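*Asks:* Before I ask anything, here is the structure I am working with.
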Amino acid sequence: DTGVSQDPRHKITKRGQNVTFRCDPISEHNRLYWYRQTLGQGPEFLTYFQNEAQLEKSRLLSDRFSAERPKGSFSTLEIQRTEQGDSAMYLCASGEYEQYFGPGTRLTVT
Amino acid sequence: QKEVEQDPGPLSVPEGAIVSLNCTYSNSAFQYFMWYRQYSRKGPELLMYTYSSGNKEDGRFTAQVDKSSKYISLFIRDSQPSDSATYLCAMPGGSQGNLIFGKGTKLSVKP
């Protein structure tokens with residue numbers, strides 16, 4: 001197993017467009033987390049999955065954001081009607097208390 | 001007051017120096033403490049993971065937890081230019097184990 005992977009690594013989009021990111025966690029991990037990181041800040045929690053169930057969502061996750069984890073394997077994070085304030089690094093992590101992060105998807109909204 | 005406080009630096013040291021990185025936290029219920037290293041434009045990499053108070057050593061890295069003071073430290077001995085990165089402390093503070101991070105300290109080790 002090569003760890004957590006994310007795709008794409010970088011996405012540039014125009015304001016108002018929809019974008020979707022994918023995360024493939026470490027295969028034996030039931031827990032999957034999404035975080036967002038802006039420049040000069042630590043990652044901030046967005047949402048959490050236990051297998052296929054989305055069990056918690058942060059206040060940061062506005063109604064333009066939706067996440068899924070069908071069959072408890074990979075996960076997707078979709079942002080609809082992107083805004084410039086959505087520009088950030090979107091990070092996926094899997095694991096229990098020891099969380100292992102993927103390389104992130106850097107989103108730039110122009 | 002933020003739950004986890006960390007001086008963002010930047011911190012610049014000469015190669016071979018001992019580096020001390022620190023975080024304070026406000027919630028006495030925190031039991032697990034992590035240090036992550038993040039290179040520019042990469043995801044955080046788990047460096048050290050400790051439970052409760054005490055010290056844990058791994059090669060050139062030592063993590064120290066003082067729960068009575070709500071203070072954690074990461075020491076790097078014989079620092080190398082390859083240690084230049086941002087170091088983030090984190091604790092699972094959310095109801096589902098989601099991590100609460102400090103802002104990160106940017107470290108630069110000069111040859």
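Readers should treat all values here as calculations from the given coordinates under stated rules, not as data from a laboratory. Everything numeric in this text was worked out from a predicted model, so none of it was measured. Cβ coordinates were reconstructed from backbone atoms using ideal geometry, including for glycine residues, and neighbour counts include every protein chain displayed.
*Asks:* Taking B:Lys70 as the anchor, which lysines have their alpha carbon closer than 24 Å to its alpha carbon, excluding any fewer than eight residues away along the same chain?
*Replies:* Straight-distance partners of B:Lys70: B:Lys2, B:Lys56, B:Lys103, B:Lys106.
*Asks:* For the protein assembly as shown, what proportion of DSSP beta bridges, expressed in % and rounded to the nearest 5, is antiparallel?
*Replies:* Taking every DSSP beta bridge with both residues in the protein assembly as shown, the antiparallel ones total about 90 percent.
*Asks:* Same structure, new question: Once you have the Cα-Cα distance between A:Lys57 and A:Thr20, take 0.36 nm times their residue separation minus that, and quote the gain in nm to one decimal.
*Replies:* Difference between extended and current length: 11.6 nm.
*Asks:* Given +1 on the Cβ of Lys and Arg, -1 on the Cβ of Asp and Glu, and no further charges, what dipole in debye does chain A carry about its Cα centre, rounded to the nearest 20?
*Replies:* Around 540 debye, computed over chain A.
*Asks:* Which of A:Thr76, A:Thr38, A:Thr47 moves the most in a Gaussian network model of chain A with Cα springs under 10 Å?
*Replies:* Among A:Thr76, A:Thr38, A:Thr47, the largest GNM mean-square fluctuation belongs to A:Thr38.
*Asks:* In whole angstrom, how far apart do the alpha carbon centroids of segment A:61-106 and segment B:8-68 sit?
*Replies:* 25
*Asks:* Which stretch or stretches of segment B:1-27 have amide N atoms under 17 Å from the point lying 7 Å from B:Ser82's Cα along the Cα→Cβ direction?
*Replies:* What the label zone holds, given the 17 Å backbone N cut-off, is B:15-17.
*Asks:* While we're here: Sorted from largest down, what three extents in whole angstroms do the Cα atoms of chain A have along their principal axes?
*Replies:* Principal axes ranked by extent give 38, 24, 22 Å for the Cα atoms.
*Asks:* Provide the FRET efficiency to the nearest 0.05 for the A:Asp7-B:Ser69 pair, computing r from the beta carbons and using R0 = 45 Å.
*Replies:* That pair, A:Asp7 with B:Ser69, gives E of 0.60.
*Asks:* Also: Just name one of A:Cys92, A:Thr108, A:Tyr48: the one whose Cα is farthest towards the positive end of the charge dipole of segment A:41-110 (beta-carbon charges, Lys/Arg +1, Asp/Glu -1).
*Replies:* A:Thr108
*Asks:* Can you compute the modelled spin-label distance between A:Gln41 and B:Gln31, with each label point 7 Å from Cα toward Cβ, in nm?
*Replies:* 3.0
*Asks:* Which distance in nm do the two modelled labels at B:Ser40 and A:Arg81 give, with both placed 7 Å along the Cα-to-Cβ direction?
*Replies:* A separation of 3.7 nm, rounded to one decimal place.
*Asks:* Hey, in the GNM for chain B with a 10 angstrom Cα cutoff, which one of B:Arg37, B:Arg77, B:Arg60 fluctuates hardest?
*Replies:* Comparing B:Arg37, B:Arg77, B:Arg60 in a Gaussian network model of chain B, the most mobile one is B:Arg60.
*Asks:* Moving on to the next point. Would you calculate the separation in nanometres between label points at A:Lys71 and B:Gln96, each defined as 7 Å from the Cα along the Cα-to-beta-carbon direction?
*Replies:* If labels sit at A:Lys71 and B:Gln96, their model points lie 2.2 nm apart.
*Asks:* Kindly provide the Kirkwood hydrodynamic radius of the protein assembly as shown in Å, to one decimal, from all pairs of distinct alpha carbon atoms.
*Replies:* With all distinct Cα pairs of the protein assembly as shown included, I get 17.9 Å.
*Asks:* Another question, then. Bin by bin, in steps of 10 Å, what percent of the Cα pairs in chain B do you find, going until the bin that has the longest distance?
*Replies:* So the P(r) values, bin by bin, are 15, 50, 30, 5, 0.
*Asks:* Separate question: If the elastic network links every pair of Cα atoms under 10 Å, which of B:Tyr25, B:Tyr51, B:Tyr87 fluctuates the most in the Gaussian network model of chain B?
*Replies:* Sorting by GNM fluctuation, first place goes to B:Tyr51.
*Asks:* Going by C-beta contacts inside 10 Å, put B:Thr50, B:Thr105 in order with the fewest on the left.
*Replies:* Going from sparsest to densest Cβ surroundings: B:Thr50, B:Thr105.
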